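Take a look at the structure below.
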Amino acid sequence: MSRIVYVNGRYVPYAQAAVHVEDRGFQFADAIYEVCEVRGGQLIDEARHMARLARSLGELEIALPMSGPALAHVMRQVIRRNRVRDGLVYLQVTRGAAPREFYFPGPDVSPTVVCLARPVSTARLAAAALNGIAVKSMPDIRWQRCDIKTVMLLPACLAKEAARKDGAREAWFVDADGCVTEGASSNAWIVDHDGSVITRQLGTDILPGVTRATLRDVLGEERMPLIERPFRLTEAYAAREAFITSATQTVMPVVRIDGRQIGDGRPGPVTQRLRLKFHQIAAISSA
Ligand code: PMP
């Protein structure tokens with residue numbers, strides 16, 4: 001079966017899917033994106049992803065390229081045409097293509113919209129969740145608007161590649177005060193010795209993760225204590241449990257940070273419970 005990608009109003013074969021060489025996404029990373037989990041052929045937390053997409057566009061003063069229902073239709077078409085049951089749908093909007101010039105182009109330039117979907121191996125994710133993953137800490141060298149989900153992901157690529165070379169699956173960014181901001185492509189959490197779940201409060205230094213937001217709901221439902229504050233890397237080393245959240249991994253246990261074992265080196269009970277409960281609380285919409 002050939003893969004199909006949506007590009008600016010057309011559903012095209014993967015090999016032919018292309019944007020202009022002077023697209024501002026390509027030249028300036030002047031673009032935002034969303035990644036939504038597809039599970040059992042259904043979309044997880046679609047409304048929250050669409051709300052964040054609208055916010056990201058608003059922060060960059062990029063006009064909404066099409067109505068919410070039209071975007072929802074495109075995502076569903078891409079999922080269906082690629083027969084994705086478990087995986088992800090990726091939606092990217094750039095400011096559009098225009099002769100290279102830093103100033104924003106005029107209103108005649110329309111945003112570029114790309115949507116693709118791909119399967120993700122649930123077996124591989126389950127195996128990772130069973131054993132837990134390793135993370136490597138790195139100085140947070142990103143900009144001061146990490147709350148906007150832009151495609152300006154070079155620091156994240158550098159960090160994740162360095163992590164991979166060290167046998168770790170994710171990188172945790174650390175600020176000038178020695179506190180963890182977030183993962184390169186996830187939010188970072190720890191569980192302290194009282195059983196409190198700790199994650200950094202929202203601000204311009206982290207992405208407001210959709211999985212993070214839904215996990216707050218899960219914690220509320222479960223009457224589990226949540227503390228939103230910065231935590232130091234040294235606190236994470238000594239934590240009882242650690243985990244990351246993202247749309248594609250939901251709740252993923254962390255069992256090693258910088259080669260140090262966290263807790264007993266196995267996914268902890270709080271993390272496992274949250275992982276189990278997540279899809280019982282997350283919003284599901286048919287694709
Ligand atoms: N932080 C960063 C930097 C990310 O790239 C991501 C995943 N896109 C997240 C957090 C998690 O966000 P979400 O739960 O919405 O996938």
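Values as computed for the structure displayed
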| item | result |
| --- | --- |
| For the stretch 125-286, diffusion coefficient by Stokes-Einstein and Kirkwood Rh (Cα), 37 °C, 0.692 mPa s, µm²/s | 211 |
| Rg and Dmax of the stretch 91-166, Cα atoms only, in Å | 17.9, 52 |
| Long-range Cα-Cα pairs in the stretch 4-120 (distance over 21 Å), rounded percent | 36 |
| Most mobile of A168, A213, A70 in a GNM of the chain (Cα contacts under 10 Å) | A70 |
| Residue with peak Gaussian network fluctuation, the chain [Cα springs, cutoff 10 Å], from Q16, Q272, Q92 | Q16 |
| Stokes-Einstein translational diffusion, the stretch 55-184 - Kirkwood Rh over all Cα pairs, 0.890 mPa s, 25 °C, in µm²/s | 139 |
| Accessible surface, per residue, of the chain when the full set of protein chains is kept, probe 1.4 Å, Å² | 48 |
| Computed [θ] at 222 nm, helices only, for the chain once each DSSP H run of length n ≥ 4 contributes -39500 (n - 2.57) | -9000 deg cm²/dmol |
| 5 Å binning of all Cα-Cα separations within the stretch 52-112, expressed as whole percents from 0 upward | 4, 15, 23, 20, 16, 11, 7, 3, 0 |
| Cα convex hull volume per residue for the chain (Å³) | 131 |
| Dimensions in Å of the stretch 167-243 - Rg and Dmax from alpha carbons | 12.0, 36 |
| Peptides 253-265, 113-125 ordered by average Cβ neighbours within 10 Å, highest first | 253-265, 113-125 |
| Listed residues S196, S186, S56, most fluctuating in the chain (Gaussian network, C-alpha, under 10 Å) | S196 |
| Accessible area of the stretch 4-120 belonging to carbon and sulfur atoms, whole % at 1.4 Å probe | 55 |
| I244 long-range amide H proximity, modeled H, under 5 Å | M252, V254 |
| Built amide H within the under 5 Å cut-off of G263, gap 5+ | none |
| Phi-based couplings in Hz for the stretch 172-179 (Karplus 6.51, -1.76, 1.60; Gly and Pro marked x) | 10, 7, 10, 7, 5, 8, x, 9 |
| Spatial separation of Cα centroids for the stretch 49-111 and the stretch 7-30, in angstrom | 11 |
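The values are calculated or read from the model by the stated rules, or taken from the named source; none is laboratory data. This one's a predicted model, so the numbers in the text were calculated from it and none came from an experiment. Here the Cβ is made from the backbone with ideal geometry for all residues, glycine too, and neighbour counts use every protein chain on show. The area values use the complete protein model at the heavy-atom level, side chains included, leaving out ligands, DNA and RNA. Shrake-Rupley method; radii C 1.70, N 1.55, O 1.52, S 1.80 Å.
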